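Working notes for the structure below.
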């Protein structure tokens, strides 16, 4: 926009005052258009585009993996519908690229900073950072992560949270898209099943879904405490990785899955029927998660 230059040159206090007519003639500008701008510097079109850009930016900040086509859907949900080409232009002008779609220009680029401290880390006698995933009672420490698997209809994503006390999967969510609401839904499912878990520490990796404003807001609503591991350190969330390894071997890789619904049913069935009620674990004294939690909580209540 060059109209501010015309205004500044024609101002009374300008060092070299240039009439509007002269500036418009030299710059080949339309004087009526300039005067219309002067009465209303921000046009309706510019204001409308600013609202669109704001909606796209909010969606991009929540889910950095999304390209402009997916950001269009997110913007439409908050009332800022637009063409895909318009979204591409706005995102391109502002440099809002998908973390997967834009080629990396340098090596060693790290994800964004954690939004929580690592509450499960400690330094051993050799000065090495270790993690202790231990809990003396239910709803003291949960760990969460996301995995994915291909079906004939495309990817299916699973976000799950496990209670370290009994290794029970307290909540999970399954969806065809890996958005921040996948993690939010899994957390809400866990809280509903547990009847609340105020004060519980929720440890995750630094995935964008767990760093999003929506997930952090969900933790705050439920009075829970967030915790995050380091970048590229699989051991920081090893307890959850072990569960997903079991899921991979027992369900995901057992056969090819034609549809998402087919795989979804298989995952839920394995978690609820096999993992929770039939799979005995050495760390639980050869009890299943349901048995261990029932026995230990009953014993604690009787002792109280």
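Quick check: is even one residue across segment 149-157 touching a residue at least 60 places away in the same chain (Cβ under 8 Å), touching a helix residue (DSSP H, G or I) at 6+ places or on another chain (Cβ under 6 Å) and surrounded by fewer than 17 Cβ atoms within 10 Å (Cβ to Cβ)?
Yes; the residues of segment 149-157 include at least one that is touching a residue at least 60 places away in the same chain (Cβ under 8 Å), touching a helix residue (DSSP H, G or I) at 6+ places or on another chain (Cβ under 6 Å) and surrounded by fewer than 17 Cβ atoms within 10 Å (Cβ to Cβ).
Listed here are the residues, each with its yes/no results for (1) assigned to a loop (DSSP other than H, G, I, E, B); (2) over 22 Å from residue 134 (Cβ atoms).
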site: 227; (1), (2): no, no
site: 258; (1), (2): yes, yes
site: 265; (1), (2): no, yes
site: 268; (1), (2): no, yes
site: 273; (1), (2): no, yes
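Do we have residue 192 as over 20 Å from residue 118 (Cβ atoms), assigned by TED's automatic domain parsing to the domain that holds residue 248 and crowded, with 21+ Cβ neighbours inside 10 Å here? I'd like the intermediate steps shown before the answer.
Numbers: over 20 Å from residue 118 (Cβ atoms): yes; assigned by TED's automatic domain parsing to the domain that holds residue 248: yes; crowded, with 21+ Cβ neighbours inside 10 Å: no.
Criteria not met by residue 192.
Being under 14 Å from residue 48 (Cβ atoms) and surrounded by 16 or more Cβ atoms within 10 Å (Cβ to Cβ) is the filter here, so list the residues in segment 68-88 that pass it.
75, 80, 82, 86, 87
Considering only segment 261-288, state which residues are in contact (Cβ under 8 Å) with a residue 40 or more places away in the chain, within 16 Å of residue 172 (Cα to Cα) and crowded, with 17+ Cβ neighbours inside 10 Å. So that I can check it myself, show each step before the final result.
Step one: of segment 261-288, the residues in contact (Cβ under 8 Å) with a residue 40 or more places away in the chain are 262-264, 267-268, 271, 275-276, 281, 283-284.
Narrowing further to those that are within 16 Å of residue 172 (Cα to Cα): 263-264, 267-268, 271, 275-276.
263, 264, 267, 271, 275, 276 - these are the residues of segment 261-288 that are in contact (Cβ under 8 Å) with a residue 40 or more places away in the chain, within 16 Å of residue 172 (Cα to Cα) and crowded, with 17+ Cβ neighbours inside 10 Å.
Mind telling me which of the residues 184, 191, 158 ends up being over 25 Å from residue 70 (Cα atoms) and at pLDDT 95 or above?
Within the list 184, 191, 158, the selection yields 191.
Going residue by residue through segment 216-228, is there one that turns out to be buried (at least 21 other Cβ atoms within 10 Å of the Cβ) and touching a helix residue (DSSP H, G or I) at 6+ places or on another chain (Cβ under 6 Å)?
Scanning segment 216-228, I find at least one residue that is buried (at least 21 other Cβ atoms within 10 Å of the Cβ) and touching a helix residue (DSSP H, G or I) at 6+ places or on another chain (Cβ under 6 Å), so the answer is yes.
Could you look through segment 176-188, keep only residues that are free of Cβ contacts under 8 Å to residues at least 40 places away in the same chain and crowded, with 18+ Cβ neighbours inside 10 Å, and pick out the one that is nearest to residue 259 (Cα to Cα)?
Result: 182.
Residue by residue through segment 134-148, note down the ones that are crowded, with 16+ Cβ neighbours inside 10 Å and within 23 Å of the chain's Cα centre (by Cα).
Matches in segment 134-148: 139, 141, 142, 143, 144, 145, 146, 147.
The values are calculated or read from the model by the stated rules, or taken from the named source; none is laboratory data. Values in this document were obtained by computation on a predicted structure and should not be read as measured data. Positions of Cβ are generated from backbone atoms using ideal geometry, with glycine treated the same way; all protein chains shown enter the neighbour counts.
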